[in-house]
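The values are calculated or read from the model by the stated rules, or taken from the named source; none is laboratory data. Computed from a predicted structure; not experimentally measured. Cβ coordinates were reconstructed from backbone atoms using ideal geometry, including for glycine residues, and neighbour counts include every protein chain displayed. Just the protein is used for accessible areas: all its heavy atoms, side chains included, with ligands, DNA and RNA removed. Shrake-Rupley method; radii C 1.70, N 1.55, O 1.52, S 1.80 Å.
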Amino acid sequence: MTLLDVQDLSVTFDTPRGPLHAASGVSFSVARDETVAIVGESGCGKSVTVSAITGMLDAANARISGAVLHDGADVLTATAREQRGRLGRAIGMIFQNPMTSLNPVLSIGYQLTEPLKLHTALSRRERRAWAIDLLRQVGLSDPEKRLGQYPHELSGGMRQRVTIAIALACDPELIIADEPTTALDVTVQAQILDLLRALRRERGSSMVMITHDLGVVAALADRVVVMYAGHVVETAPVAALFAVPAHPYTAALMRAVPDPTDPRERDDAPLHHVPGQVPDLARLPQGCPFQPRCDRAVAACVQTMPPAMEISPGQCAACHNPCTEARA
Ligand SMILES: Nc1ncnc2c1ncn2[C@@H]1O[C@H](COP(=O)(O)OP(=O)(O)O)[C@@H](O)[C@H]1O
Ligand SMILES: [Mg+2]
């Protein structure tokens, strides 16, 4: 059953340099109990897309069109109050940098119990008990003591555990995590991924996970949405995507995976090996935005953006000349 249905979502920012197309006709859905990963290089519109989905895109210069159906109701036409109600209750958000998503002057206990005060009928004592339980669930020792501590008293990994506890506080049906491990060091990244995987297994909530790390995708996702220059270029079940990436951009991302046996590669190396650069979203080329970097481009690619076409069951690519061969 579909929990979230994003239909033809476009977000355009009016900038001094002209309209910047951060998301262009983005469509994908998330089923109940499903984890969907959104991947793509930096600047491809991943964060803007989830900001629009959560109703957090309040930039005065943003123009949004399309529909985002959450439980059948369109989020984009909801009032600010309804959107705030959704966020924190039905949706839990986890951000890249726990230092910026936590408030430095408020105690962990306050930040954990505040959403419970807003969205539940729990008493003060019940809120405290639940907060302690949540901290235990995310693997923090001494939960009672943590309630009285402030973010700066915790390590980066512990802080991210706290933000995950806050996201889980009201038992949301959907968790959206925007690069939750990017700001952490490698061993801590692995611990946080393990935690997210365990929570997913135990709670069965749906998850949208933004990442530029295909290792994270392989570890967590059921289905993958590949974004390039504001467009969804491919969606596929995770196994199909890794076996036969259909869009040349997906294939290029896979070739760019750092080789862990090469000592020159940093373990946390981002996808920086795809030759060329993401185009300026205010100066998109005609046709397919990937065409200037694409080794499979044909004449049509310079003319028109290809529509999404089904390549195999559940796998769709927006490409005039998709790859059909298994990855070498
Ligand atoms: N408020 C804004 N005003 C203008 N441009 C923005 C704004 N927010 C994001 N952008 C632009 O939208 C594009 C997509 O950004 P983003 O969604 O953050 O990319 P990603 O998360 O994939 O790295 C970028 O070019 C970014 O500069
Ligand atoms: Mg981002």
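When residues in segment 170-196 are screened for being within 29 Å of Gly85 (Cα to Cα) and not charged (D, E, K, R), 14 of them pass. Taking the conditions exactly as written (touching a helix residue (DSSP H, G or I) at 6+ places or on another chain (Cβ under 6 Å) and either of a type outside the set (Ser, Thr, Tyr) or within 16 Å of ligand 1 (Cβ to nearest atom) (or both)), does Gly88 satisfy them or not? Against the criterion (touching a helix residue (DSSP H, G or I) at 6+ places or on another chain (Cβ under 6 Å) and either of a type outside the set (Ser, Thr, Tyr) or within 16 Å of ligand 1 (Cβ to nearest atom) (or both)), Gly88 qualifies.
Of all residues in segment 248-255, at least one satisfies being more than 30 Å from Asp171 (Cβ to Cβ), in contact with a Phe, Trp or Tyr (Cβ under 8 Å, 6 or more places away or on another chain) and at pLDDT below 95.
Conditions tested, residue by residue: (1) outside any helix (DSSP H, G or I); (2) surrounded by fewer than 16 Cβ atoms within 10 Å (Cβ to Cβ).
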{"residue": "Leu69", "(1), (2)": "yes, no"}
{"residue": "Asn103", "(1), (2)": "yes, yes"}
{"residue": "Gly109", "(1), (2)": "no, no"}
{"residue": "Leu112", "(1), (2)": "no, no"}
{"residue": "Leu116", "(1), (2)": "no, no"}
{"residue": "Arg125", "(1), (2)": "no, yes"}
{"residue": "Leu134", "(1), (2)": "no, no"}
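The set of residues from segment 24-61 being within 16 Å of ligand 2 (Cβ to nearest atom), at pLDDT 95 or above and either basic (Lys, Arg) or farther than 30 Å from Leu199 by Cα (or both) comprises just one member, Lys46. Selection of segment 71-92 for residues being open to solvent by 70 Å² or more (accessible area, probe 1.4 Å), in a helix (DSSP H, G or I) and not acidic (Asp, Glu) yields Thr77, Arg81, Arg84. Only residues that are open to solvent by 30 Å² or more (accessible area, probe 1.4 Å), at pLDDT 90 or above and not in a strand (DSSP E or B) were counted across segment 198-237, and they come to 2. Taking the conditions exactly as written (within 16 Å of ligand 1 (Cβ to nearest atom), modelled with pLDDT of 90 or more and hydrophobic (A, V, I, L, M, F, W, C)), does Ala183 satisfy them or not? Against the criterion (within 16 Å of ligand 1 (Cβ to nearest atom), modelled with pLDDT of 90 or more and hydrophobic (A, V, I, L, M, F, W, C)), Ala183 does not qualify. Scanning segment 299-325 for residues that are touching a helix residue (DSSP H, G or I) at 6+ places or on another chain (Cβ under 9 Å) and open to solvent by 60 Å² or more (accessible area, probe 1.4 Å) yields a count of 4.
Applying the condition of being of a type in the set (A, V, I, L, M, F, W, C) and surrounded by 23 or more Cβ atoms within 10 Å (Cβ to Cβ) to segment 7-35 and asking which residue is nearest to ligand 1 (Cβ to nearest atom) yields Ala22.
Among the residues of segment 36-67, the one identified as among the β-branched types (Val, Ile, Thr), over 17 Å from Asp5 (Cβ atoms) and open to solvent by 20 Å² or more (accessible area, probe 1.4 Å) is Val48. Would you mind stating whether Leu112 is farther than 24 Å from Met209 by Cβ and free of Cβ contacts under 8 Å to residues at least 60 places away in the same chain? Here the answer is no, as Leu112 does not meet what is asked.
Restricted to segment 172-195, and to residues there that are in a loop (DSSP other than H, G, I, E, B) and open to solvent by less than 30 Å² (accessible area, probe 1.4 Å), the residue that is nearest to ligand 2 (Cβ to nearest atom) is Glu179.
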